[in-house]
Each structure stands twice: as structure tokens, then as C-alpha cells.
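Scroll down for the structure; my scribbles are underneath it.
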Amino acid sequence: MAGIDEMSSSARMNQYERGKHEPDFSLVERVAKALNVPECYFYCKDDDLAFILIRLHRLPAHERRKATGTIERVLLEAANAQQ
């Protein structure tokens with residue numbers, strides 16, 4: 001599905017999970033496309049942020065722009081409230 005040889009995929013993924021090897025970014029891109037997640041998802045340590053990234057990624061472009069605008073307004077309001 002992501003262009004990984006099925007015979008070696010389990011062993012390769014296990015090495016990535018254990019930190020023995022790191023996948024190159026082209027593999028990350030292929031896996032992300034197969035799973036319909038953004039590439040940055042794999043580098044995200046915060047579960048809440050990862051959830052938001054996936055949800056934004058899966059929105060149609062016009063809905064993503066609306067959501068991004070809403071998020072920007074919320075962040076600006078929060079920053080102003082902290083001052």
C-alpha cells in the first residue's frame with residue numbers, strides 16, 4: 001500500500017518503532033498518504049495536537065481555511081487575555 005515490501009515490512013516497522021532505524025521522509029510521505037494523515041502527524045508527541053492535525057488534514061480545502069481562521073482568532077484572543 002505504501003510501497004513497502006510485504007515480506008520485510010513487519011521487521012522494518014519494528015526497527016522504526018524501537019528507534020534502531022529512522023525512515024526517510026519519502027517513506028513517511030507514502031505511509032501518510034496511505035493512512036490519510038499529514039506527514040507531520042508522525043512527529044507529533046502531543047495526542048491532542050495529533051488529533052487536531054488529522055482532523056484538519058481530512059477537511060476539504062475550503063473548510064480547512066475556515067477552521068484555520070477560527071483557530072487563529074481563538075489563539076489571538078487567548079494571547080490578548082494573557083497580557
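Taking all protein chains into account, the per residue accessible area for the chain stands at 83 Å² (1.4 Å probe). Applying D = kT/(6 pi eta Rh) to the chain, where Rh is the Kirkwood radius over alpha-carbon pairs, T corresponds to 25 °C and eta to 0.890 mPa s, the Stokes-Einstein value obtained is 162 µm²/s. This model, with +1 at the C-beta of Lys and Arg and -1 at the C-beta of Asp and Glu, gives the chain a dipole about its Cα centre of some 220 debye.
Backbone N atoms of region 19-56 closer than 19 Å to the 7 Å Cα→Cβ label point of Arg12 belong to residues 19-37, 39-40, 42-43. Can you give the angle from 0 to 90° between the axis of helix 47-58 and the longest principal axis of the chain, with both taken from C-alpha atoms, to the nearest 10? Tilt of helix 47-58: around 90 degrees. Per-atom-type breakdown for the chain gives carbon and sulfur 55% of the accessible area (1.4 Å probe, protein chains only). The packing ranking, built from the mean of other Cβ atoms within 10 Å per residue, places the peptides 38-45, 15-22 in the order 38-45, 15-22, highest first.
Put Asp48, Asp24 in order of accessible area, highest first, and with a 1.4 Å probe you get Asp48, Asp24.
The values are calculated or read from the model by the stated rules, or taken from the named source; none is laboratory data. What you see is a predicted model; the values in this text were computed from it and never measured. Glycine also receives a Cβ, built like all others from the backbone with ideal geometry; neighbour counts cover every protein chain displayed. Protein only, heavy atoms only, side chains kept; ligands, DNA and RNA dropped before computing areas. Shrake-Rupley method; radii C 1.70, N 1.55, O 1.52, S 1.80 Å.
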